[in-house]
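First comes the structure, then the notes that go with it.
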Amino acid sequence: MTPQAFVDFQDVWLAYNDELLAQNHFAVEDINLQVKQGEFIAIVGPSGCGKSTFMKLTTGLKMPSKGRILVDGQPVTGPLKISGMAFQASSLLPWRTTLDNVLLPLEIVEPYRSNFKQKKAEYAERASKLLNTVGLGGYENKFPWQLSGGMQQRASICRALIHEPKMLLLDEPFGALDAFTREELWCILRDLWTEQKFNVILVTHDLRESVFLADTVYVMSKSPGRFVVKKEIDLPRPRDLEITYTPEFTDIVHELRGHIGAMRQTGATINQ
Amino acid sequence: MKQKTLERWAPWALLVLSILIWEVLCRAFNVSEFVFPSPSRIAQQTIEFKEVIAGHAWRTFWVTMVGFGIAIVVGVLLGFVIGSSRLAYAAVYPLMTAFNALPKAAFVPILVVWFGIGIGPAILTAFLISFFPIMVNIATGLATLEPELEDVLRVLGAKRWDVLIKVGLPRSMPYFYGSLKVAITLAFVGTTVSEMTASNEGIGYLLISAGSAMQMGLAFSGLVVVGAMAMIMYELFSAIEKHTTGWAHRGSQGE
């Protein structure tokens, strides 16, 4: 509602193609969402509810069929270079070392692209520093397949952050990791965010993850893909892993779980 | 360690064993050398005609290499076009498959009409038979990019070209080297087949003329020489592949 919203969805609908549009079959519907500068939001919901579609809309990889999207006050008309993305699969390039993988965005995005060759040493320095903060110092010259799954995911997050984006989009980035590694990476993400204050849009189906990390959690329903619940998480920051064992935390997770459970039931009756 | 040494020497052991059995059978049943010469007879004739064979072998070798070189250029370019555009893929692929199904030996008479007897038909037959696997493999490597990775790059403003150069090409390199190994052996087949009817030089010509002169030992040594050349080139590309795209073979390095 505030005019200075960083990400502003105004009544956004998306159908994947004209045929589906003619049938009024939308992947996501009626999305109204305002994200403040530096806010960490999480989107939870059952699989196939259009969470990833929402990400594509935010980054400008897809254009809405109806409505409009403003990011940083500007209407989104194409791929948004101020964003970095990371996915469940780390999708690092196996023929590049960890360092070169992290440097990849700088070879593509301006203004780094044009002076990449001259300033390579400086950029490599920067990448090393970033790798160091996520605990990958000393692994610069290892290849991705020499790293564990958690390490690959850290490198993938570094790759998303190397060009200092204003917005970080994460699509179930910790989904494939074991519980301990996942919690470790929550803390790394929390620290990076606390330090740099970029916007984060985290898509996940782990409710504890969303509550631990986010300022605001949105619950999405499946077909139609809509935002049904907005929940501000007012747990104090900085948050420590210990907080996940407090009753306040559990209550919030429980409440969100209730919303999703209710949705699943109505979904089931519709299906029958 | 022991297992590895064993694997390394296994093909040689098998080769020696086969030659021994062949030799023994030829002697035991007293097979006429005009029907099926024994290995010792082949070796004897190889040494006797070594200069002639070497001349023909050199001719076959460089003709094959020229044809193969053209096949790499054309195969990579076509594969690049097909792999980077869905429309081109849809348009070209079915036609190429149909073309590949034609026996390349059938082209030789036509090529003779166009280029006369000599290196022309041989080079072109080697090219025609060997560019297809190269093209298909480059195209496959390019066309099977992970969509997430493409999103990561596109959001940064990467053009299609950037994605192809930074990701597509390196990714298709293992496929490319794999195809070279197949293609080089095919190229030798192409050259030899063409030389059999459309040349006065080369191993193919040697096979035909030795056969018609009932020099069976010589004909067999021609076969051995082609086989050896193809195998050496195969091993060469195999070694290049391992050195340049080690990341794709990490499972088999066993270290």
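Just so it is clear, none of the values below were taken in a lab; they were calculated from the coordinates. Just so it is clear, the structure is predicted and the values come from calculations on it, not from any experiment. Quick reminder, even Gly has a Cβ in these numbers, built from the backbone with ideal geometry, and neighbours come from all protein chains shown.
Beyond 18 Å between alpha-carbons counts as too far, so tell me which of A:Lys36/A:Lys197; A:Lys56/A:Lys166; A:Lys81/A:Lys142; A:Lys166/A:Lys197; A:Lys166/A:Lys230 fall in that bin. Too far apart for the 18 Å limit: A:Lys81/A:Lys142; A:Lys166/A:Lys230. Classify the protein assembly as shown from the C-alpha gyration tensor, please: rounded if a/c falls under 1.5, else prolate or oblate depending on whether a/b exceeds b/c. Here the protein assembly as shown falls in the prolate category. Can you give the Kirkwood hydrodynamic radius for chain B, in Å, rounded to one decimal and based on Cα pairs? The Cα-based Kirkwood calculation yields 20.8 Å. Membrane-span-like helices in chain B, defined here as complete DSSP H runs extending at least 24 Å along the helix axis by their C-alpha atoms with mean Kyte-Doolittle hydropathy no lower than 0.5, are B:2-28, B:50-84, B:119-143, B:169-198, B:216-244; this is a sequence and geometry rule, not a statement about a membrane.
For the pair B:Val31 and A:Glu110, what calculated FRET efficiency results from E = 1/(1 + (r/R0)^6), where r is the Cβ-Cβ distance and R0 = 45 Å, to the nearest 0.05?
Working: r = 76 Å, r/R0 = 1.69.
Once the sixth-power term is evaluated, E becomes 0.05.
Annotation: the residues A:Ser83, B:Ser179, sorted from fewest to most other C-beta atoms within 10 Å of their own C-beta, follow the order A:Ser83, B:Ser179.
Close lysine pairs were tallied over segment B:52-242: pairs 8 or more places apart or on different chains with Cα atoms under 25 Å apart number 4. Using the Cβ-Cβ distance between A:Thr194 and B:Thr140 with R0 set to 45 Å, the FRET efficiency from 1/(1 + (r/R0)^6) comes to roughly 0.50. Taking the charge dipole of the protein assembly as shown about its Cα centre, with +1 at Lys and Arg Cβ atoms and -1 at Asp and Glu Cβ atoms, the residue from B:Leu218, B:Val152, A:Cys158 reaching farthest to the positive side is B:Leu218. For chain A, the pair-distance distribution built from all alpha carbon pairs, in bins 10 Å wide starting at 0, is 6, 28, 34, 23, 8, 1, 0 percent. Of the residues B:Ala126, B:Gly168, B:Met196, the one whose Cα sits farthest toward the positive end of the charge dipole of segment B:52-242, with +1 on the Cβ of Lys and Arg and -1 on the Cβ of Asp and Glu, is B:Gly168.
Magnitude of the Cβ-charge dipole of chain A, K/R +1 and D/E -1, about the Cα centre, nearest 20 debye? Before the final figure, lay out each step's value.
Details: 30 positive and 32 negative charges, 129 e Å.
Result for chain A is approximately 620 debye, rounded to the nearest 20.
Overall, the anisotropy analysis places segment B:25-90 in the oblate class: the square-rooted eigenvalues a ≥ b ≥ c of its C-alpha gyration tensor yield a/c not less than 1.5, with a/b not exceeding b/c. Look at B:Thr245, B:Thr191, B:Thr144, A:Thr59 and count the other Cβ atoms within 10 Å of each Cβ; fewest to most, that gives B:Thr144, B:Thr245, A:Thr59, B:Thr191. Contact order, relative form, for segment B:52-242: 30 percent (alpha carbon pairs under 8 Å, 6 or more residues apart, mean separation divided by residue count). Quick one: Cα centre-to-centre distance for segment B:139-167 and segment A:18-52, in angstrom? That distance is 25 Å.
Averaging the sequence gap over all C-alpha pairs within less than 8 Å and six or more residues apart, then dividing by the number of residues, gives segment B:143-255 a relative contact order of 24 percent.
Of the DSSP H helices in chain A, those that are both long (alpha-carbon extent of 15 Å or more along the helix axis) and hydrophobic (Kyte-Doolittle mean at least -1.0) are A:120-133, A:149-161, A:179-196, A:247-271. Taking the Cα centre of the protein assembly as shown as reference, the dipole from Cβ charges on Lys and Arg (+1) and Asp and Glu (-1) amounts to some 720 debye. The mean sequence distance of close C-alpha pairs (under 8 Å, at least 6 residues apart), as a share of the length of chain A, puts its relative contact order at 25 percent. Annotation: the residues B:Leu25, A:Leu33, sorted from fewest to most other C-beta atoms within 10 Å of their own C-beta, follow the order B:Leu25, A:Leu33. A Stokes-Einstein calculation at 25 °C with viscosity 0.890 mPa s, built on the Kirkwood radius of segment B:30-175 over Cα pairs, returns a diffusion coefficient of 131 µm²/s. What is the calculated FRET efficiency for B:His249 to B:Val73, with r their C-beta to C-beta distance and R₀ = 35 Å, to the nearest 0.05? That pair, B:His249 with B:Val73, gives E of 0.85.
Label-to-label distance, B:Asn100 versus B:Glu23, with points set 7 angstrom from Cα along the beta-carbon direction: 4.2 nm. With each label modelled as a point 7 angstrom along the Cα→C-beta vector, the B:Ala13-B:Ala54 pair spans 3.4 nm. Partner shielding of A:98-110 amounts to 3, given as the average count of beta-carbon atoms from other chains within 10 Å of each residue beta-carbon.
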